[in-house]
Amino acid sequence: DKTIYDMVFTWLVDQCNKLLDCEGEENWIGLLDIFGFEDFKVNSFEQLCINLTNETLQNHYNNFIFCKDIEECRKEGVDVSDVPFPDNTPCLLLMTAKGGVLSLLDEECQLGSGTDMGFYDKVIAAHGKHPFFEVPRLAKNTFTIKHYAGDVAYTVTDFREKNLDTLKDAWKIICRASKDPFIAQLLPEPVETKGPKITVGGFFKRQLDDLMSVINSTNPHWIRCIKPHPAKKPNMFDGPSVLSQLSSSGVLGTVKVRKAGYAVRIPRDLFEAQYKIIAVSKGKPTNPQSIIDCCGYKKNEAQVGTKRVFFRSHIFQDIDLRRKSVLSGSAKIVQAAAHGTLGYLSAHAAVLKVHGKLIQALREMVKKNVALQKREIDNREELLKQQADAREELLRMSRA
């Protein structure tokens, strides 16, 4: 029976806590493994309690992560008045505040003539117009709560009985009378208290408050566990199942909010070094604010903090494209200049080559002319010598 299981489980947890407990306020590390958000075809009181826990932890996550993030922006002088902040506090109050769902259920449980439909009618009357509450048109015993992870329809059948848990009380009496010493000692005699008996919902809420008191005193780190598929086999991935888990665990909501805020943050010196070319291309100063102004961004799109430059996600993509465009234009100018220089050098080299050939031809021509002139001179000298010899011969003959 689940009652005996519950008692044994509680006893086991108590024993573990006693063994692990230490005296004094020493440093410690705690691991909290909680059940995930639930939404079945038919959701009852158990799902309401489970989803209340997840809603409460999500509220703590929102306050810790996003409030801390906004405070970080404010410290650098960044205006975050228009940054969306996820706040599920109204949903929590709908379930836990005085006059809320659990409170109205407890009231109905205190009535001897109380019924599930009586509880249902009270909830509809009190919260019918609540922004996180909805009444389905067809189902007459169902109400919907708009949780952070999605809308969940709860069927009120057996809500009252489960909240009173009269069957568990009967089992407790039987267990205390057991002859088995282990079973008997699981449940000591209850201490008599005045006032109405605490309900399951009231006890659950009290435990949840105690848990949050501990968590609020710590520096938490969050780990989201995602099952790749429900088949429990290796090398498998079920996309729809993973997407559903990402949605119900609040991961998609977190990404959406992050993207809507200043998701990209770059140190000022690094930003100036990488993006000053945008300002240089327009002949403007290269400080971060000047670069932002050159792009024409509005204050709610990009802001310069004391240490970093803050961007909306889509704006950072835009400025990165601008940088690449300027670099591409500069590269084209450099390439054109390089091509022009190379063309000039190539043409100049061709001219020099032609000049070299002309000079070589002139040299050959001069060499040939010199050789020709030398032959002519030699021939002329030979002719003159022959003429001189002939005259001498004629003169000698005339004397004889």
Point to revise | Matching option when the condition is farther than 26 Å from SER248 by Cα and not in a loop (DSSP other than H, G, I, E, B), among LEU102, LEU12, LEU52 | key: LEU12
Study note, to complete from the structure: Residue pairs within 6 Å by beta carbon, gap of at least six or interchain, first lying in region 234-257 and under 16 Å from LEU57 (Cβ atoms), second part of a helix (DSSP H, G or I), listed first then second, are GLY250/GLN58
**Study point:** Residue within region 256-279 that is assigned by TED's automatic domain parsing to the domain that holds GLN303 and polar (S, T, N, Q) present
**Key:** yes
Review point. Going by the structure shown, is VAL78 assigned by TED's automatic domain parsing to the domain that holds PHE133, among the aliphatic types (A, V, I, L, M), in a loop (DSSP other than H, G, I, E, B) and at pLDDT below 90?
Key: no
Review point. Looking at (1) over 37 Å from the mean Cα position of the chain (by Cα); (2) surrounded by fewer than 15 Cβ atoms within 10 Å (Cβ to Cβ); (3) β-branched (Val, Ile, Thr), which is the only condition VAL123 fails?
Key: (2)
Check your understanding: Only one residue in ILE223, ILE215 is at pLDDT below 90, among the β-branched types (Val, Ile, Thr) and farther than 19 Å from VAL309 by Cα. Which one?
Key -> ILE223
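The values are calculated or read from the model by the stated rules, or taken from the named source; none is laboratory data. Here the structure is a predicted model, which is why all the values come from computation and not from measurement. With ideal geometry, Cβ positions are generated from the backbone for all residues, glycine too; neighbour counts draw on all protein chains shown.
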